[in-house]
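In what follows, a structure is listed as structure tokens, so that the remarks can point back to it.
The values are calculated or read from the model by the stated rules, or taken from the named source; none is laboratory data. Small disclaimer: the values here were computed from a predicted structure and weren't measured. Cβ coordinates were reconstructed from backbone atoms using ideal geometry, including for glycine residues, and neighbour counts include every protein chain displayed. Accessible surface areas use protein heavy atoms only, side chains included; no ligands, DNA or RNA. Shrake-Rupley method; radii C 1.70, N 1.55, O 1.52, S 1.80 Å.
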Amino acid sequence: MSKARTHWDPIEGQISIKTPDLSTIKQGIALPMWLKRILPLAAALSFVGVIIEGMVIGSFPIYSTVAATVFMGAFLLADHFENEHGRKTIRRVKLAQSQNWSYTPDLMERQLSYVASSTSDGIERRATSVKSERAEKIEAEVPELTKVQVGAYVGAYFDGEFWGESREDSLPFWLALGSMQMEAGLAADPNLRRDNFGGQGGYGQFFSLLGAYKIDRKTGVRVVIQPENILHKGPLDRDIKTESMDFNDRFKISGRYLDKGQSQHTPDLEVMRILTPATQDAMLALHHRYHKVGFVLDDDVLYFMAQDKLVGKNAMPDRIDELLCELSREFESAKLGIKPYIE
């Protein structure tokens, strides 16, 4: 039985985490990729068939309804036997144990919320799935990285969290990771069927990774480095500029003092001292490797976000978690790039 461990946490300050016991988690079975792709597609097409048959024959569509029921049942049955949640938890627990981290998926699990609504029969309570309190707090802490933004992020989805210490300097860190299945087999853009890790195919996994490092000096500023987008081009491009045109073209830079007495001033000089050439090089390297990447330095906490996809052979269930150590090492280089200023 694993014991609870206390860690630094960017949201709560400190948090006590108990990593799940492997012996209590059901393994499930691995399904072939072709089956994982065809079942949801067949289920969706069968429902379209119900509509078409109903329009053509003008009565109850018996055959297409039977087909839709069979395909949907097969899809749900396969999902039950695969138990992807259990398999994912086992992989991540093993990863946490190998790195002396803590892990739990519990705080990110969506909750049921009951809402009263009026119907012809009176008042009815309906259940709806909502984000957990923890997920809401994270989004409120760094909305610049987690909320939907045109031309930048598609909105963050997380299903597990890690806590531990940096390998380079033993400073505490936190990581939230989430992945969703995606199907791009019929997409017109071929880039949607390729990833940055050599994978090709229509089936994939879209993932979001949000991390935070506790640095050892307060900077007194909040600096936001987000993906640049078309809404900030031309005369609307009024963010802070560095000496690197490449960096300016790819990131929108903003900042403010945390001291209310200085809130009317823009901390351009402080931002420039933080965005050293080494820092910019590290962030540009991450930008070229992943689909979207951004950073927030909030006083003594450095947040980072990456969103990307894995397709084809790289979309096998264990690939995202295998890449997690590599991701944390690469983000480590971005953190180390600002250490000459903050230490």
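Scanning region 145-166 for residues that are open to solvent by 80 Å² or more (accessible area, probe 1.4 Å), at pLDDT below 75 and touching a helix residue (DSSP H, G or I) at 6+ places or on another chain (Cβ under 9 Å) gives a single hit, 150.
Selection of region 5-20 for residues being more than 16 Å from residue 213 (Cβ to Cβ) and surrounded by 19 or more Cβ atoms within 10 Å (Cβ to Cβ) yields 17, 19. Put simply, of 115, 93 the only residue that is modelled with pLDDT under 85 and either part of a loop (DSSP other than H, G, I, E, B) or out of contact with any Cys (no Cβ under 7 Å at 6 or more places or on another chain) (or both) is 115.
Scan region 241-269 for residues that are crowded, with 20+ Cβ neighbours inside 10 Å and either under 18 Å from residue 220 (Cβ atoms) or touching a Cys at 6+ places or on another chain (Cβ under 7 Å) (or both) and the total you get is 3.
Here residue 270 meets the list (1) modelled with pLDDT of 85 or more; (2) more than 25 Å from residue 154 (Cβ to Cβ); (3) assigned to a helix (DSSP H, G or I) almost entirely, failing just condition (1).
Can you pull out the residues in region 1-23 that are among the hydrophobic types (A, V, I, L, M, F, W, C), in contact (Cβ under 8 Å) with a residue 60 or more places away in the chain and more than 28 Å from residue 298 (Cβ to Cβ)?
22
Within the bounds of region 200-212, is there any residue that is without any contact (Cβ under 8 Å) to a residue 40 or more places away in the chain, closer than 25 Å to residue 319 by Cα and assigned by the TED database to the domain that holds residue 109? Checking region 200-212: not a single residue is without any contact (Cβ under 8 Å) to a residue 40 or more places away in the chain, closer than 25 Å to residue 319 by Cα and assigned by the TED database to the domain that holds residue 109. Scan region 271-303 for residues that are surrounded by fewer than 19 Cβ atoms within 10 Å (Cβ to Cβ), more than 19 Å from residue 210 (Cα to Cα) and not basic (Lys, Arg) and the total you get is 5. Pairing each residue of region 152-174 that is not assigned by the TED database to the domain that holds residue 216 with any residue that is at pLDDT below 90 and surrounded by 18 or more Cβ atoms within 10 Å (Cβ to Cβ), provided the two are 6+ apart or on different chains, yields no C-beta distance under 9 Å.
When residue 209 is tested against the conditions (1) at pLDDT below 75; (2) part of a strand (DSSP E or B), the lone failure is (1).
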